[in-house]
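These notes are about the structure you will find just below.
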Amino acid sequence: GIKRFKLPDEFNYIKVFQQIADEPKTGYGDHALNSLAEIFENRRQYAKAADYWRRSIKEYGPGPNNFKEDRVKQIVAAWGQFEPIATQPARQGATVEFRFRNGKKVSFEARAVKVEKLLDDVKAYLKSVPKEVDWNKINIADIGSRLVVQGEEQYVGEKVATWDLEIEPRPHHFDRRITVTTPLQKAGAYLVTAKMADGNTSRIILWVTDTVIARKPLAGKMFYYVADSVTGEPIAKANVEFFAWRNRNFGKNQFKVETQNFAEFTDAGGQVITPVKADNNNPWEWQWLITARKDG
């Protein structure tokens, strides 16, 4: 099993690095201090690691692009980020997972994402029959990257909520993970921003849903069930819009985007059954965007 043992001083790499760091004439003092800082980072002894980074800065400077100062800030500064989350049910107060260290206060802001406009733009783009499909323009699942990294502000709506939270960090610069209950009750997509006091900013897309669509293949058909995402009760007479597209190969590296668009209403049991067209001997090459709507 696992055993702890002591290395003789002449083989103890930490003591060797410390000896080299204390004798700068060797020419390896900077490397020794940086190695010690990384060793204590790996051992989760962050206070010691920060002390060695500061000593390295004092004796040998901040390094290229001030990377040593950045390493110190990464340990001792207020820092936080959202953890990955799943889609949340509506009417229950959606929650987000937040991991942080050192900070004592964080401010949150939520802005609505214009989902309808996003879906309309995706369908309009595919209906325009582009010569080459820009996958970035149809990637609904990665809307967060488009909003934050690429600055597509046209899909960011009004501010719907702001709130502050007092937090208590763990000692010795360790991370703490908490569950934050948001005031978001209504279905939709939200761009949630967290700003640490005297620290960094983190963002995440939070999807809140009041409706769910389940799909199951049948013999030559496709079965859809539309239900309340909280209770599971079927939603009758919901308008279910089916939009499909494919990039069809006509040979000699010639492609053309084809689309189809139709709608059906769910029955009293929240069900819709549609036939599967065996076009081009491959009915599964169609990619589907399915939307269920009902007043209220």
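The values are calculated or read from the model by the stated rules, or taken from the named source; none is laboratory data. For clarity, every value in this text was computed on a predicted model and none was experimentally measured. Neighbour counts run over all protein chains shown; Cβ positions are idealised from the backbone, glycine included. Just the protein is used for accessible areas: all its heavy atoms, side chains included, with ligands, DNA and RNA removed. Shrake-Rupley method; radii C 1.70, N 1.55, O 1.52, S 1.80 Å.
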Could you tell me which of the residues Phe100, Phe5, Phe40 is at pLDDT below 95 and not basic (Lys, Arg)?
-> Phe5
Look at the stretch 223-243 and say how many of its residues are over 31 Å from the mean Cα position of the chain (by Cα) and either surrounded by 17 or more Cβ atoms within 10 Å (Cβ to Cβ) or of a type in the set (D, E, K, R) (or both).
-> 1
Considering each residue of the stretch 192-221, count those that are of a type in the set (A, V, I, L, M) and open to solvent by less than 20 Å² (accessible area, probe 1.4 Å), and give that number.
-> 5
Subset of the stretch 217-240 [in contact with a Pro (Cβ under 7 Å, 6 or more places away or on another chain) and assigned to a loop (DSSP other than H, G, I, E, B)] = Gly220, Ser229, Val230
Of the residues in the stretch 139-173, those that are open to solvent by less than 50 Å² (accessible area, probe 1.4 Å), in contact with a helix residue (DSSP H, G or I) (Cβ under 8 Å, 6 or more places away or on another chain) and free of Cβ contacts under 8 Å to residues at least 60 places away in the same chain come to Arg146, Leu147, Glu152, Tyr155, Val156
So is Arg203 in a strand (DSSP E or B) and of a type in the set (Lys, Arg) or not?
-> yes
Do you know which residues across the stretch 215-252 are closer than 16 Å to Pro275 by Cα, aliphatic (A, V, I, L, M) and in contact with a strand residue (DSSP E or B) (Cβ under 6 Å, 6 or more places away or on another chain)?
-> Met222, Val240, Ala244
Can you name the number of the only condition in (1) farther than 28 Å from Gln88 by Cβ; (2) open to solvent by 40 Å² or more (accessible area, probe 1.4 Å) that Arg246 fails?
-> (2)
Apart from one, (1) closer than 30 Å to Ile75 by Cα; (2) open to solvent by less than 40 Å² (accessible area, probe 1.4 Å); (3) β-branched (Val, Ile, Thr) all hold for Thr181; the odd one out is (2)
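So that you can scan it fast, the table gives a plain yes or no per residue for (1) open to solvent by 50 Å² or more (accessible area, probe 1.4 Å); (2) closer than 18 Å to His173 by Cβ:
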| site | (1), (2) |
| --- | --- |
| Lys3 | yes, no |
| Ala21 | no, no |
| Gly29 | no, no |
| Glu38 | yes, yes |
| Gln45 | yes, yes |
| Ala49 | no, yes |
| Tyr60 | yes, no |
| Asn66 | yes, no |
Exception for Val115 within (1) surrounded by 15 or more Cβ atoms within 10 Å (Cβ to Cβ); (2) closer than 22 Å to Asn102 by Cα falls at (2)
Which residue, of Ala268, Ala214, is aliphatic (A, V, I, L, M) and assigned to a loop (DSSP other than H, G, I, E, B)?
-> Ala268
Please state which one of Glu109, Glu83, Glu97 is under 23 Å from Ala141 (Cα atoms) and surrounded by 16 or more Cβ atoms within 10 Å (Cβ to Cβ).
-> Glu109
